[in-house]
Amino acid sequence: MADSSRAEFWEQRYRDGVMPWEGASLPEPARLFFAARPPGRVLLPGCGSAADMPPLRAMGHQVLAVDFSEAAIALARSHWPEAADSLLLADFFELKLPAFDCVFERAFLCALPPDRRAPYARAVAGMIQPGGALVGVFFMGEGEKGPPFGVGEAELEALLSPWFELEQTQSLPDGLPVFGGKERWMVWRRRMFDLDQAFPS
């Protein structure tokens, strides 16, 4: 079985034009959330074509969009040449950067095999400053074959609650067909412990 944790998996799909996760616009709850915040540093992991980046930049946020697929970053650069300096070819799990105010999750967690969820949670917690937020669109659903791999609500709570507290959640039934109406907008607030503390077990 092909391994969706490897860049080659996504390179092939972008080269073949098989990208059913592309084409969504920034959802209204996200627009309201970011419009209400002062300008801050926002990370977009697994950004693909980075369609969410321009509206966030237009609101004054400093956005870094990251993907480990060369084809994805090339596509993003072709779409947004004026923001080329905000696009980074890199592996999310190997980033060594100052903590962000916010990480915007959009079809990244569900792209990872389930055995990469725990490393994702630890890594994303380390990339957000205390009091910051993990926000975005999560693909919910248990037993989903993927990618995209759905996650159950209880599993997601167990995964993130050591580092985050859930502040907001609502259904997004009008998302992309590939997600079958199972997307939810969520705001997870980063708990107030220092980044240099050992992560909870």
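The values are calculated or read from the model by the stated rules, or taken from the named source; none is laboratory data. In this text the structure is predicted, and so the values were computed from the model without any measurement. Methodologically, a virtual Cβ is constructed for each residue, glycine included, from the backbone with ideal geometry; neighbour enumeration extends over all protein chains shown. For accessibility, only protein heavy atoms count, side chains too; no ligands or nucleic acids. Shrake-Rupley method; radii C 1.70, N 1.55, O 1.52, S 1.80 Å.
Among the residues of region 54-79, those identified as within 27 Å of D3 (Cα to Cα), hydrophobic (A, V, I, L, M, F, W, C) and open to solvent by less than 10 Å² (accessible area, probe 1.4 Å) are A65, V66, A72, I73, A76. Summed over region 17-37, the residues that are assigned to a helix (DSSP H, G or I) and farther than 21 Å from D174 by Cα give a count of 1. Pairing residues of region 3-17 that are touching a residue at least 60 places away in the same chain (Cβ under 8 Å) with residues that are among the hydroxyl-bearing types (S, T, Y), at Cβ distances under 8 Å and at least 6 apart in sequence or on separate chains, gives A7/S69; W10/S4; W10/S69; E11/S69; Y14/S69. Inside region 22-53, residues that are on the phi > 0 side of the Ramachandran plot and open to solvent by 60 Å² or more (accessible area, probe 1.4 Å) make up a count of 1. Taken together, the residues in region 38-73 that are under 17 Å from L134 (Cβ atoms) and assigned to a loop (DSSP other than H, G, I, E, B) amount to 5.
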